[in-house]
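> Just passing along the structure, written as C-alpha cells.
What follows is calculated from the coordinates using simple rules that are stated; it is not laboratory data. Here the structure is a predicted model, which means the values were calculated and not measured. All Cβ positions, glycine included, derive from the backbone under ideal geometry; neighbour counts span all protein chains shown.
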Amino acid sequence: MNTRRAVVEIDKLWSVFHSRGVDTVVHQDLSLRIAAGELLSVVGGSGSGKTVLLRQLLGLETPARGRVTVLGADASRMGRAGAASRVGMLFQHGALFSAFSVLDNIAFPLRELKTLPADLVRDAAMVKLRMVGLEASAAHKMPADLSGGMVKRAALARALIMDPPLLLLDEPTAGLDPGSADAFCALLKSLHQELNLTVVMVTHDLDTLLALSTRIAVVADKHIVAEGTAAQVMAQPHPFIQAYFWGERGQRARALLHDSSKAG
Amino acid sequence: MPEATPTLTLHTRPTGRCAVLGGCWSAARLADPGQWSKISQTLVLAGSSRGVQWDLLALTRLDHTGAQLLWNTWGRQWPMQLQVNPAQQAMLQRVARFSGAELRLAPMSIGQRFLKLGEQLWLLWDHLLGLLALTGQLLLDLLALVRSPRCGPWRDMSGHLYRIGATALPVTALVGFMIGIVLAYLMSRQLRQFGADTFIVNILGIGLIRELGPMLAAILIAGRSGSAITAQIGVMRVTEELDAMRVMGIAQGYRLVLPRALACAVAMPLISVWTTLAALLGGMLAADAVLGVTPAYFFATLPRAVEIGNLWLALGKSMVFGVLIALVGCHYGLRVKPNTESLGQGTTASVVTSITVVLLVDALFAVVFKNVGI
C-alpha cells in the first residue's frame, strides 16, 4: 500500500484555535499519509477534530505548525482557481446553492470556466446527475424540494463534476435512513472503484465505516492513535477504540466485519 | 505535475483520414480559451467528415467532460473506427450509458403568460389579506396584553426599543440636520425676492414639524429597521426556528410581531421629534447665516407660527408609520421561504413596500387632516 503515490501527506500537524485569549489545541503532532486509490475513514469522538482535519486538507484552516501536502502542493493553495478539478468535497448538509436548480448546481464549476459551450456543460452535468443515481426529472428541481438522500446525491454529483482525483466526504450518511444510507454507501463504493478515486471520509456511522473503508485512522488524544484495516484497528487496546467498536454495538460490528470478510 | 495541453490533429493515413488526440482532455485544460478555439474548430471539421478514424491512445488523461465532448461530436453514437485503451473505453461507455435526452422545460405559451399575470394579481390580493390578518392578530394580541400585562413580552420589547430607537438616533439627527440646512438655504433665496425673510420660521416650522420630520424619520426607520425585522424573522424561517416555536405552542404573533410593533409604535414618534429638532436646528443656523434671522427671533416666533395641533398630528402619524413598518417587515419575514434567494427578495420587498405604504398613508393624513393646525 505504501509504495503507491501519496495523495495526502500530513506531517506533524498542529491545529490551534484562539478564543477569548485561550488556546485550544485540537491536533498535536498529527501525521498521516494517504495513498492513491485508498478509501480512508477518519473516526473519532465528537470534538476530536475530525472535521478540522478535513478543513485542513481543504486549506480552510491554517496549520499552527507542521505541513499538510495535498496532491503535491501545500494545502493552503487548495482554495485557489481550479480547486474543483483537484478536490471534490461533499459537505455534511450538501451545501447546495439554494437559489439554483439541481442541474445548475452540478454544472456550476464547469460554467465558471466560461469557455465551454452551454450544451456540453448541460450534457456533462446530466451524465453526473444520472451517474449518482438521480432521475432526469430531478434536474430542474430546487434544492429545497429534494429529500435528504437526493440532496446528498446532487451534492456528490457537483463534487465530481470536474473529475477530481481526490474526494472528501463529511459524514456522508448522516441524516439518512438505513435503507438510503446503504444505497448511498453502495453508490460511493462503486464510484470509488469505477472512477479510481482517492477518498477521505469522516464518519460516525459504524455500518458506513465497515462497509466502505479500505483503511481506518482513529483520531483521539489530538493525534492518530491507530490506523490500518478494520480488523487491525479493532484489535488496538486504546479505550476509545474499545468503547467505539466493542461497546453496545460491538456485536453488530463484529457480525458485519465477519460478513464482509466472508464476502471479500 | 503539469498536465499536457490537449491537442487534436487530423492526419491523412493510407487507411483514410485519422483524428489523433493528445495531451490531457480534462474540463480544466479544455476550457483554456486558446486551446478551446483550436480544438473546437478541428472537432467540427473532423465531426462533419465521415469515416474518420479516431485515435485516443496518445491521450494522457480523458475525463467525463472530454468524453462528453467526443460523444457529442460523434453524434451520440460510436464512430466506425476507434482506437482506445480500456480505461478510455470505460469512460466513453459511462458517458454513453448516462447520456440521454435531457428533459427541457417547455417555454411558456402566451396563454400561460396571461395566466401568470392573473397569478400576480392574486399574489397582491394574498399580500393584502395577509397584512389584514396580521393587523387583526396584532389587535387581538394587544387585547390579550391589556388583560394580563404581567405576561407580556416586555424583555423582547425593550430590546427592540433599543435597537430600533436608540441606535437610530445618530443617523436620523445627521440626516435631519442636513435637510434643515438645505431647506433653509433654498427658501432664503426665494423669500428674499419678496422681502419676506421672516417667514422662513413659518415655512420651516410647518414643513418640518408637520411633514418632513415624520416622513424622513419613517423612511430612515423603514430602511434601517424594516429590513432588519424581515431579515431576522426570515432567517428564523430558514433555520427552522419558526417551526420550533410553533411546535412548542408559542404564538408567533404574540412573541414576534407584537413586541416589534409596540417598539416601533413607541420609538417612531420619539425619533420623529428628534429628527424634527435636528432639522429645525439646522434650519435655524442656516437662516441666521443667510438671512440674519437670529435664533432668539426664531425661538420667539416658532410657537406663534406653528399651532400645537401640528405637533399632535405629527406624533399620531409617526405612531401609525411605526406600526405599519413593523407589520410590513413581519409580514414579509414570515413569508420567506427557506432559501437564500427568497430571503433577499423578502427583505427588498419589505423595504420598498413599507416606504410606499408610509408615503400613501402620509397622503391620506394630509387629506383627512387638512383643517388641523393650519
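> Among B:74, B:154, which comes first, second and so on when ranked by fewest other beta-carbon atoms within 10 Å?
B:154, B:74
> Further question: Can you bin every Cα-Cα distance in the range A:93-163 into 10 Å intervals starting at zero and give me the percent of pairs per bin, rounded to whole numbers?
That works out to 24, 60, 16, 1, in percent per bin.
> With both partners inside chain B, how many of the DSSP beta bridges are antiparallel, as a percent to the nearest 5?
Of the beta bridges lying entirely in chain B, close to 45 percent run antiparallel.
> How high is the FRET efficiency from residue B:143 to residue A:246, r the C-beta distance, R0 56 Å, rounded to 0.05?
Taking R0 as 56 Å, the efficiency between residue B:143 and residue A:246 is 0.35.
> Enter the mean projected area of the convex hull around the alpha-carbon atoms of the range B:7-99, in nm², rounded to one decimal.
5.4 nm²
> Take every DSSP beta bridge whose two residues both sit in the protein assembly as shown, then give the antiparallel share in percent to the nearest 5.
Of all bridge pairs located within the protein assembly as shown, approximately 55 percent are antiparallel.
> If you don't mind, there's one more thing I want to ask. Restricting to Cα pairs below 8 Å that are 6+ residues apart, what does the relative contact order work out to for chain A? Please round to a whole percent.
After rounding, I find 23 percent.
> What are the trypsin sites (Lys or Arg not before Pro) within the range B:102-197 that DSSP puts in a loop, where the Cβ has at most 15 other Cβ atoms within 10 Å?
Counting only loop positions with at most 15 other Cβ atoms within 10 Å, the trypsin sites (Lys or Arg not before Pro) in the range B:102-197 are B:104.
> Which whole number gives the average count of other chain Cβ atoms within 10 Å of the Cβ atoms across peptide A:193-202?
Taking the mean over all residues of the peptide, I get 1.
> Ok, one more. So which residue, out of B:42, B:230, B:239, gets the largest mean-square fluctuation from a GNM of chain B using Cα contacts under 10 Å as springs?
Sorting by GNM fluctuation, first place goes to B:42.
> I would also like to ask the following. Helix by helix, which DSSP H runs in chain B go 24 Å or more along their axis at the Cα atoms and have an average Kyte-Doolittle hydropathy of 0.5 or more?
B:110-147, B:169-194, B:258-290, B:308-334, B:340-368
> Arrange B:60, B:15, B:347 by Cβ neighbour counts within 10 Å, fewest through most, would you?
Neighbour counts put them in this order, fewest first: B:15, B:60, B:347.
> Pulled fully out, how much extra length does the chain show between residue B:97 and residue B:127, if you take 0.36 nm times their separation in residues and subtract their Cα-Cα distance?
Value of the extension gain: 6.0 nm.
> Separate question: What is the list of residues in the range A:149-163 whose amide nitrogen lies under 13 Å from a point 7 angstrom out from the Cα of residue A:194, following Cα to Cβ?
A:157
> Highest mean first, what order results for A:192-199, B:331-338 on Cβ atoms within 10 Å?
B:331-338, A:192-199
> Measuring from a point 7 Å past the Cα of residue A:144 along Cα-to-C-beta, which residues in the range A:97-138 have an amide N at less than 16 Å?
A:97-102, by backbone N distance to the label point.
> Need one value for B:334-342: mean number of C-beta atoms belonging to other chains within 10 Å of its residues' C-beta atoms.
3
> Wrap a convex hull around the Cα atoms of the protein assembly as shown, take a quarter of its surface area, and give that in square nanometres.
42.9 nm²
> Pairs of alpha-carbon atoms within less than 8 angstrom and 6+ residues apart define the contacts here; what relative contact order does the range B:7-99 have, in percent?
30 percent
> Let me ask something else about it. For chain B, just run the numbers: alpha carbon Rg, then divide by 2.2 N^0.38 Å, N being how many residues it has.
With N residues counted in chain B, Rg over 2.2 N^0.38 Å equals 1.65.
> Also, I was wondering about something else. Using a simple spin-label model with points 7 Å from Cα along the Cα→Cβ vector, what separation in nm is obtained for residue B:9 and residue B:85?
2.0 nm
> Ratio of alpha-carbon Rg to the 2.2 N^0.38 Å globular estimate for the range B:256-349, to two decimals, please.
Rounded to two decimals, the normalised Rg is 1.57.
> Check each of the trypsin sites (Lys or Arg not before Pro) in the range B:29-74 and keep only those in coil by DSSP with at most 12 other C-beta atoms within 10 angstrom; list them in order.
B:50
> Right, next: Where is the GNM fluctuation largest for chain B (alpha-carbon springs, 10 angstrom cutoff): B:204, B:128, B:43?
Of the options given, B:43 has the highest mean-square fluctuation.
> Then there is this: Which Rg and Dmax, in Å, describe the Cα atoms of chain A?
Considering chain A through its Cα atoms, Rg and Dmax are 18.7, 57 Å.
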